[in-house]
Amino acid sequence: MLVQLGAWLSKRCITDGHYSAWVVSEGEPAPDFTATTDAGERVSLSDFRGRPVVLYFYPKDDTPGCTVQAHGIRDAYAEFERAGAVVLGVSPDDEAQHAKFKEKYELPFTLLADPDHEVAERYGTWGEKRYMGKTYMGVSRTTFLVAPDGTVAKVMHNVKPDTHADDVLAALTTG
């Protein structure tokens, strides 16, 4: 029994010695959560059951890569709407920072505040990162396509900000 449990855990966890995160996989139920929007409202993932959801995790508002990523979605937003998709961007920024970011760049989709990185941890996108020789904890740029039935249809790891919107739209239309 312990060997079976160990094998199951080795497929389900990422461990770096200081941190362990569950990895959400395709075909599994998407973990439900409740978070605060850029408008100060509380929403849950389950509120969108019946529609495809693009749940994208990004490191920080108003940084170069995150801004490019948000612009791509903004510029293709009509296509996301045609696909019937709800777009939810999640970062550790608070609702006030999200509101400024959304207004500055005229983003038509909802941003969710995750300042304690609870949602990121549930999805396995919070972990150790390295940049310019420094190690720190942060969000891995990852997108989850959640099917209308609430299961994870696709997981996109380490997405590229400049092609993110096109990559997600391609997955939405083929999935």
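Quick grid of which residues meet (1) exposed (fewer than 14 other Cβ atoms within 10 Å of the Cβ); (2) closer than 19 Å to PRO108 by Cβ; (3) at pLDDT below 95; (4) hydrophobic (A, V, I, L, M, F, W, C):
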{"position": "LEU2", "(1), (2), (3), (4)": "yes, no, yes, yes"}
{"position": "TRP8", "(1), (2), (3), (4)": "yes, no, yes, yes"}
{"position": "ALA30", "(1), (2), (3), (4)": "no, no, no, yes"}
{"position": "ASP38", "(1), (2), (3), (4)": "no, yes, no, no"}
{"position": "SER44", "(1), (2), (3), (4)": "yes, no, no, no"}
{"position": "PHE48", "(1), (2), (3), (4)": "no, yes, no, yes"}
{"position": "ARG51", "(1), (2), (3), (4)": "yes, yes, no, no"}
{"position": "TYR56", "(1), (2), (3), (4)": "no, yes, no, no"}
- Query: Which is closer than 22 Å to VAL155 by Cβ and in a helix (DSSP H, G or I), of ALA70, ALA35?
  - Reply: ALA70
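Within region 14-23, identify whether any single residue is surrounded by 18 or more Cβ atoms within 10 Å (Cβ to Cβ) and at pLDDT 95 or above, and answer yes or no.
Taking region 14-23 and keeping what is surrounded by 18 or more Cβ atoms within 10 Å (Cβ to Cβ), we get 21.
Still in the running and at pLDDT 95 or above: none.
Within region 14-23 (the criterion being surrounded by 18 or more Cβ atoms within 10 Å (Cβ to Cβ) and at pLDDT 95 or above), the answer is no, since none of the residues qualifies.
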- Task: Only residues that are of a type outside the set (Phe, Trp, Tyr) and either surrounded by 17 or more Cβ atoms within 10 Å (Cβ to Cβ) or touching a Pro at 6+ places or on another chain (Cβ under 9 Å) (or both): list them for region 122-136, please.
- Result: ARG122, GLY124, THR125, GLY127, LYS129
- Item | Selection within region 124-144 - at pLDDT 95 or above and aromatic (Phe, Trp, Tyr) | PHE144
- Query: What residue, among those in region 139-153 that are surrounded by 18 or more Cβ atoms within 10 Å (Cβ to Cβ) and not in a loop (DSSP other than H, G, I, E, B), is farthest from the chain's Cα centre (by Cα)?
  - Reply: ALA153
- Item | Matching option when the condition is on the phi > 0 side of the Ramachandran plot and either under 12 Å from the mean Cα position of the chain (by Cα) or free of Cβ contacts under 8 Å to residues at least 40 places away in the same chain (or both), among GLY40, GLY50, GLY84, GLY89 | GLY84
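The values are calculated or read from the model by the stated rules, or taken from the named source; none is laboratory data. The structure displayed is predicted, hence computed values, not measured ones. Every residue, glycine as well, gets a Cβ built from its backbone with ideal geometry; the counts of neighbours run over all protein chains shown.
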